[in-house]
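Asker: Below are the structure tokens for one structure; questions will follow.
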Amino acid sequence: MTTVRAGIAGAGMVAAVHADAIRRAGGSVAGVAASTPERSKAAAPRVGAGRAFDSAEELAVSDEIDVLHVCTPNALHGPLVRAALSAGKHVVCEKPLSLTGADSEDLVVLAANSGLVNAVPLVYRYHPMTVEARERVRRGQIGAVRLIHGHYLQDWLARPDDNNWRVDPAVGGASRAFADIGSHWCDLVEWISGHRISELTAATQTVLPQRSAAGRETFTGSQTESSAETTETAQTTQVAVTTEDAVQVLFRTDLGATGALVVSQVSPGRKNRLWFEIDGAERSLSYDGEDPENLLLGGRDRTEVLRRDALSEQANRINAVPAGHPWGYRDCFAAFTADVYAAIRDPDAGARKAPPYPTFADAARTAHITDAVLHSAAHRSWIEVS
Ligand SMILES: NC(=O)c1ccc[n+]([C@@H]2O[C@H](COP(=O)([O-])OP(=O)(O)OC[C@H]3O[C@@H](n4cnc5c(N)ncnc54)[C@H](O)[C@@H]3O)[C@@H](O)[C@H]2O)c1
């Protein structure tokens with residue numbers, strides 16, 4: 001098996017998860033670049049990188065890598081993806097692919113013209129139980145889909161002294177809560193149900209109009225190098241907030257279902273609650289990301305809790321540990337990266353033509369939904385998703 005040489009741009013929470021997944025997929029972390037040369041040096045042993053690069057731009061075009069993993073704050077995604085593709089590198093870019101739907105489409109075209117592998121870790125597709133949910137819908141076990149509803153709730157930005165680069169629209173983008181986590185929910189339910197959100201109306205809410213300028217460490221504790229940026233002055237300075245803390249969305253799908261979604265980063269006690277329910281004519285399916293080993297298969301006559309055993313062939317393809325041994329977030333990343341690296345290793349395999357993993361096109365789709373959410377909230381109206 002050829003060793004795929006990876007470069008990781010960014011050295012925070014998700015970069016460490018990528019590093020683990022790269023190794024599990026038989027790759028090597030050839031290089032890492034953080035926000036400064038000093039921080040790159042500090043990050044290299046943490047992610048097990050062979051070399052610390054002075055900048056992400058240098059890493060993106062280096063002869064020492066085959067694939068660039070873009071794990072920086074959002075505003076840097078587009079420029080780094082362009083640099084890497086121009087240099088002939090395969091790209092795994094974190095979500096959001098870019099800050100707008102239009103720019104994301106540009107990147108889709110660039111990647112398609114390059115013939116290089118392009119992937120975005122919309123990784124909740126890589127839990128065996130979400131794969132199982134998809135298979136049950138595809139096999140008609142729940143009947144025609146009527147309602148799709150749920151929420152994605154977190155609490156890490158619930159307090160005025162919680163802050164992060166995501167709060168700043170110049171770095172994180174015009175949408176925060178929706179682009180950050182609502183995008184995952186939409187991708188997942190569209191992928192499972194086979195429906196596409198075709199029109200929506202949304203209300204956004206910024207519950208904390210001001211936040212302490214400090215607090216970049218709020219998501220990851222003190223483990224990442226970005227936390228070093230906290231200063232005493234920053235702790236007492238207040239900054240105005242324009243990005244949304246919460247969003248409520250009503251939607252219709254192209255295949256005639258309706259739905260509702262609540263997204264929040266200010267819901268105390270909810271750490272990462274990605275919950276959805278898909279109600280069909282015969283049965284319903286519901287999944288709770290904080291209790292992911294169980295899938296509820298509802299029915300008028302009988303309701304069952306499915307465990308992570310006796311799964312479909314599709315779910316078992318990635319199901320690398322037996323039921324009772326919990327499948328985790330890092331396992332989702334490892335399974336995703338294994339699929340992406342298989343496509344990198346073998347250009348002639350079907351994976352390049354029909355990728356089993358989410359691509360730039362899937363991420364562009366979520367960017368269009370995000371644009372529609374912001375547009376609808378600003379105009380207080382229903383709008384079509386392009
Ligand atoms: N797919 C998922 O489930 C998932 C989960 C978490 C984060 N993400 C995405 O991953 C990205 C990073 O998020 P995170 O939670 O790891 O953030 P983080 O704050 O923990 O880390 C960001 C890192 O980027 C570095 N950085 C800043 N400017 C840089 C520059 N110019 N060059 C190189 N590095 C630079 C920071 O110093 C830090 O190490 C975001 O786009 C986020 O949306 C995706």
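The values are calculated or read from the model by the stated rules, or taken from the named source; none is laboratory data. Here the structure is a predicted model, which means the values were calculated and not measured. Glycine also receives a Cβ, built like all others from the backbone with ideal geometry; neighbour counts cover every protein chain displayed. Surface accessibility is based on the protein's heavy atoms, side chains included, excluding ligands, DNA and RNA. Shrake-Rupley method; radii C 1.70, N 1.55, O 1.52, S 1.80 Å.
Asker: At a 10 angstrom cut-off on C-beta neighbours, averaged per residue, how do the peptides 155-161, 369-375, 344-350, 192-198 rank from highest to lowest?
Answerer: 369-375, 192-198, 155-161, 344-350
Asker: So what does residue 186 come to for accessible area, using a 1.4 Å probe and Å² rounded to 10?
Answerer: Residue 186 has an accessible surface of roughly 0 Å² with all protein chains in place.
Asker: In whole percent, what relative contact order does the stretch 91-196 give with Cα contacts below 8 Å and a gap of six or more residues?
Answerer: 33
Asker: Considering only protein heavy atoms and a probe of 1.4 Å, how much of the accessible area of the chain is carbon and sulfur, as a whole percent?
Answerer: 51
Asker: What is the set of long-range amide H partners of residue 8 at a cut-off below 5 Å, with H atoms built 1.01 Å from backbone N?
Answerer: Those lying under 5 Å, H to H, from residue 8 are 31, 32, 33, 69.
Asker: Using a 1.4 Å probe on the protein heavy atoms only, what accessible surface does residue 330 show? Give it in Å² to the nearest 10.
Answerer: 100
Asker: Assuming a strict under-27 Å limit between Cα atoms, what lysine pair count do you get for the chain once near-sequence pairs (fewer than 8 apart, same chain) are dropped?
Answerer: For the chain, the number of qualifying lysine pairs is 5.
Asker: I need the phi-derived Karplus couplings for the stretch 343-357: 6.51 cos²θ - 1.76 cosθ + 1.60, θ = phi - 60°, integer Hz, Gly and Pro marked x.
Answerer: Per-residue couplings from phi come out as 5, 5, 5, 10, x, 8, 6, x, 4, 6, 7, 10, x, x, 9 Hz.
Asker: From the square roots a ≥ b ≥ c of the eigenvalues of the alpha-carbon gyration tensor of the chain, which class results: rounded (a/c under 1.5), prolate (a/b over b/c), or oblate?
Answerer: oblate
Asker: What is the calculated FRET efficiency for residue 375 to residue 2, with r their C-beta to C-beta distance and R₀ = 51 Å, to the nearest 0.05?
Answerer: Plugging the Cβ-Cβ distance into 1/(1 + (r/R0)^6) gives 0.70.
Asker: Given bins 5 angstrom wide, list per bin the percent of all Cα-Cα distances in the stretch 1-143, short to long.
Answerer: Percent of Cα pairs in each bin: 2, 10, 19, 21, 17, 12, 8, 5, 3, 2, 1, 0.
Asker: So who's got an amide H within less than 5 Å of the one on residue 274, skipping anything under 5 residues away but keeping other chains? H placed 1.01 Å off N, in plane.
Answerer: Result for residue 274 returns 153, 289, 290.
Asker: Please compute the per residue accessible area over the chain with all protein chains in place, 1.4 Å probe, rounded to a whole number of Å².
Answerer: Value returned for the chain: 42 Å² of accessible area per residue.
Asker: Also: To check you understand DSSP bridge types, tell me what percent of the beta bridges within the chain (both residues inside) are antiparallel, rounded to 5.
Answerer: Of those bridges, close to 65 percent are antiparallel.
Asker: The stretch 103-142: which trypsin sites (Lys or Arg not before Pro) are DSSP loop and have at most 13 other beta-carbon atoms within 10 angstrom?
Answerer: 139
Asker: Please compute the contact order of the stretch 1-148 in relative form: average sequence separation of alpha-carbon pairs under 8 Å and at least six residues apart, divided by the residue count, as a percent.
Answerer: Reported relative contact order: 18 percent.
Asker: Give me the number: length gained by fully extending residue 316 to residue 353, i.e. 0.36 nm times residue separation minus the C-alpha to C-alpha distance, one decimal in nm.
Answerer: Fully extending the segment from residue 316 to residue 353 adds 11.1 nm.
Asker: Let me ask something else. Please list the non-local residues whose amide H lies under 5 Å from the amide H of residue 282, H modeled 1.01 Å from N, same-chain partners needing a gap of 5 or more.
Answerer: Counting only residues 5 or more places away or on other chains, the set is 143, 144.
Asker: Ignoring everything but the protein chains, give the 1.4 Å probe accessible area of residue 106 in square angstrom, nearest 10.
Answerer: 90
Asker: Tell me, what is the FRET efficiency for residue 23 and residue 203 to the nearest 0.05, using R0 = 56 angstrom and their Cβ-Cβ distance as r?
Answerer: Efficiency computed from Cβ-Cβ geometry: 0.80.
Asker: Can I ask one more? Just need the relative contact order of the chain here, percent rounded to a whole number, with Cα pairs under 8 Å and 6+ apart.
Answerer: 21
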